[in-house]
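Encoded as structure tokens, the structure appears first; notes follow it.
The values are calculated or read from the model by the stated rules, or taken from the named source; none is laboratory data. A quick note: this is a predicted structure, and the numbers were derived from the prediction, not measured. Cβ placement follows ideal geometry from the backbone for every residue including glycine, while neighbour counts extend to all protein chains displayed. Remember, those area values only see protein heavy atoms, side chains included, never the ligands or the DNA or RNA. Shrake-Rupley method; radii C 1.70, N 1.55, O 1.52, S 1.80 Å.
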Amino acid sequence: MGKVKKKIALIFGITGQDGSYLAEILLKKNYIIHGVKRRSSSANTERIDHLFDSLNFTNKNFYIHYGDISDGTSTLNIINKIKPDEIYNLAAQSHVRVSFDIPEYTADITALGALRILEAIKILKLKKTKYYQASSSEMYGLVKKRKSLNEKIHFHPRSIYGVSKVFAYHTAVHYREAYKIFACNGILFNHESPRRGPTFVTKKIVQGLVRIKNGQQKKLSLGNLYAIRDWGHAKDYAISMWKILQYKKPEDWVIATNKEYTVKKFVTMVAKKLEISLKWKGKGLNEKAIDTHTGKIIIDVNSKHFRPSEVDFLKGDFSKAKKLLKWKPALSTDELIDDMIDFEISNN
Ligand code: NAP
Ligand code: G4F
């Protein structure tokens, strides 16, 4: 019996939270992984170092290439060299708040980056290469009714990050319709993990409260405590990416938990698990949380963490993915918090 040819996946954004989980999942599925990493002056492979075969770089199923999706030529060259079965575009300037400060850069990477990859697939006539776009619930933006959002709800983005993701979403749909490329969107609601970047709110809260508990930090300053998010675990969302590309047709899918929490509720849940007793006082920019054991203010609100326009409500209806992909989140928000706290305690 002949050997089964291993599938080849190319991951843009492999050094990020989701890229690292996806690489682990695909390696277990016997893929050969190629990842694109951008040049940086300090190490940015912390999340994937364990995949390099204990840093001997001898893992024959795992390769890293220098590249940048702002650079169309190198993007095309990498795709041409590898001719992957599957391309996952997880690369982005992914911070919504930061996109208000660097809108042009955000659009170049988060919007045009997707176009550059899809255009390369088209130019190279890679008929068999499947494309996954990490689209975002941020695209929904201003929602009319506070109900679970599905694939049919229209987009009204509230940041250049959201606008860029809408461009990338429609570009994937367009290349599917115009050039018959197997291009799919996962409309990902917020997903977190111990590997989440430190300036996203969940990681900031878990890290901050663990440090406060250990006496290493005095206070945690936050922005809008009343925004509602649907927070899942990134491991589950990475599995959905693979499932989406294995489905018989290229389609678009909401990936979520269909549960809603305010930022304040998330703070309360983390504090409770850490046995920090909080008493909330005040309103708006004067809202604060006091540690009832010490009487000290340990959480306050700072206007610098607010956005010029906010997405107030996000909750996703993943029934399409559940029915057709047999995907559902294995981990609840509560289990996500446990995982994040455990990591923070052992790595502090
Ligand atoms: P992340 O941790 O910020 O990772 C982003 C990745 O993109 C990193 O590997 C980053 O490289 C890379 N990247 C940034 N600019 C690049 C460029 N010019 N060229 C090549 N690579 C570049 O984000 P994540 O949480 O894993 O999210 C993965 C994707 O899903 C992103 O597209 C994000 O917008 C989208 N998404 C995320 C969520 C969520 O809740 N996490 C929800 C919806 C959609 P460095 O390591 O060098 O920075
Ligand atoms: O953690 P966040 O920065 O995530 P946000 O803006 O929802 O974006 C994340 O999820 C999107 C999916 O919907 C992704 F596409 C995107 O790439 C990213 O992964 O903020 C969550 C909420 C916001 O409403 C924000 O205003 O928390 C609020 N918040 C309150 N205080 C804060 C803070 N956010 C941050 N980052 N820092 C704070 O101090």
Strands (runs of 3 or more DSSP E) wholly inside the stretch 42-148 containing at least 2 residues that are of a type outside the set (A, V, I, L, M) and within 30 Å of Lys304 (Cβ to Cβ): 130-136
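Is it the case that some residue within the stretch 242-257 is within 12 Å of ligand 2 (Cβ to nearest atom), of a type in the set (Lys, Arg), under 28 Å from Asp334 (Cα atoms) and touching a residue at least 40 places away in the same chain (Cβ under 8 Å)? Outline the logic, then answer.
Initially, the stretch 242-257 is screened for residues within 12 Å of ligand 2 (Cβ to nearest atom), giving 254-256.
Subset that is of a type in the set (Lys, Arg): none.
Checking the stretch 242-257: not a single residue is within 12 Å of ligand 2 (Cβ to nearest atom), of a type in the set (Lys, Arg), under 28 Å from Asp334 (Cα atoms) and touching a residue at least 40 places away in the same chain (Cβ under 8 Å).
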Any chance you could count how many residues in the stretch 22-36 are near ligand 1 (Cβ under 10 Å from one of its atoms) and either touching an Asp or Glu at 6+ places or on another chain (Cβ under 9 Å) or over 18 Å from Ile87 (Cβ atoms) (or both)? 1
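Filter the stretch 88-123 for residues that are over 22 Å from Met139 (Cα atoms) and of a type in the set (A, V, I, L, M, F, W, C); which is nearest to ligand 1 (Cβ to nearest atom)? Show your work before the answer.
Residues of the stretch 88-123 over 22 Å from Met139 (Cα atoms): 119-123.
From what's left, of a type in the set (A, V, I, L, M, F, W, C): 120-121, 123.
Values: Ala120: 14, Ile121: 16, Ile123: 19 Å.
Only one residue tops the list, namely Ala120.
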A careful count of residues in the stretch 35-74 that are open to solvent by 30 Å² or more (accessible area, probe 1.4 Å) and within 16 Å of ligand 2 (Cβ to nearest atom) gives 1
Tally time: how many residues in the stretch 298-330 are within 16 Å of Asp236 (Cα to Cα) and near ligand 2 (Cβ under 10 Å from one of its atoms)? 1
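Conditions (1) within 27 Å of Lys219 (Cβ to Cβ); (2) surrounded by fewer than 14 Cβ atoms within 10 Å (Cβ to Cβ); (3) β-branched (Val, Ile, Thr); (4) under 21 Å from the mean Cα position of the chain (by Cα), marked per residue:
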{"residue": "Thr268", "(1), (2), (3), (4)": "yes, no, yes, no"}
{"residue": "Lys272", "(1), (2), (3), (4)": "yes, yes, no, no"}
{"residue": "Ser277", "(1), (2), (3), (4)": "yes, yes, no, no"}
{"residue": "Gly284", "(1), (2), (3), (4)": "yes, yes, no, no"}
{"residue": "Ile290", "(1), (2), (3), (4)": "yes, no, yes, no"}
{"residue": "His305", "(1), (2), (3), (4)": "yes, no, no, yes"}
{"residue": "Pro308", "(1), (2), (3), (4)": "yes, yes, no, no"}
Set Asp85, Asp101: member being out of contact with any His (no Cβ under 8 Å at 6 or more places or on another chain) and either open to solvent by 50 Å² or more (accessible area, probe 1.4 Å) or free of Cβ contacts under 8 Å to residues at least 24 places away in the same chain (or both): Asp101
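Report whether or not Ser332 is closer than 22 Å to Lys203 by Cβ, within 17 Å of the chain's Cα centre (by Cα) and either of a type in the set (Ser, Thr, Tyr) or open to solvent by 30 Å² or more (accessible area, probe 1.4 Å) (or both). Let's see the steps before the verdict.
Values: closer than 22 Å to Lys203 by Cβ: yes; within 17 Å of the chain's Cα centre (by Cα): yes; either of a type in the set (Ser, Thr, Tyr) or open to solvent by 30 Å² or more (accessible area, probe 1.4 Å) (or both): yes.
Taking the combined requirement at face value, the residue satisfies it.
Is it true that His170 is under 24 Å from Phe313 (Cα atoms), free of Cβ contacts under 8 Å to residues at least 40 places away in the same chain, over 18 Å from the mean Cα position of the chain (by Cα) and open to solvent by 20 Å² or more (accessible area, probe 1.4 Å)? Working first, answer last.
Details: under 24 Å from Phe313 (Cα atoms): yes; free of Cβ contacts under 8 Å to residues at least 40 places away in the same chain: yes; over 18 Å from the mean Cα position of the chain (by Cα): yes; open to solvent by 20 Å² or more (accessible area, probe 1.4 Å): yes.
Yes.
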Number of the exception - Met139 against (1) away from ligand 1 (no atom under 14 Å from the Cβ); (2) crowded, with 23+ Cβ neighbours inside 10 Å: (1)
I need a count of the residues in the stretch 163-192 that are of a type in the set (S, T, N, Q) and away from ligand 2 (no atom under 11 Å from the Cβ). 2
Go through the stretch 310-329 and report how many residues are open to solvent by 60 Å² or more (accessible area, probe 1.4 Å) and either in contact with a Ser or Thr (Cβ under 8 Å, 6 or more places away or on another chain) or within 14 Å of Val270 (Cβ to Cβ) (or both). 0
His233 is checked against (1) touching a helix residue (DSSP H, G or I) at 6+ places or on another chain (Cβ under 7 Å); (2) within 20 Å of Leu331 (Cβ to Cβ); (3) more than 14 Å from ligand 2 (Cβ to nearest atom); (4) not aliphatic (A, V, I, L, M) and fails just one. What number does that condition carry? (3)
Of the conditions (1) within 16 Å of ligand 1 (Cβ to nearest atom); (2) open to solvent by less than 40 Å² (accessible area, probe 1.4 Å); (3) under 21 Å from His174 (Cβ atoms), Leu126 fails just one. Which one is it? (1)
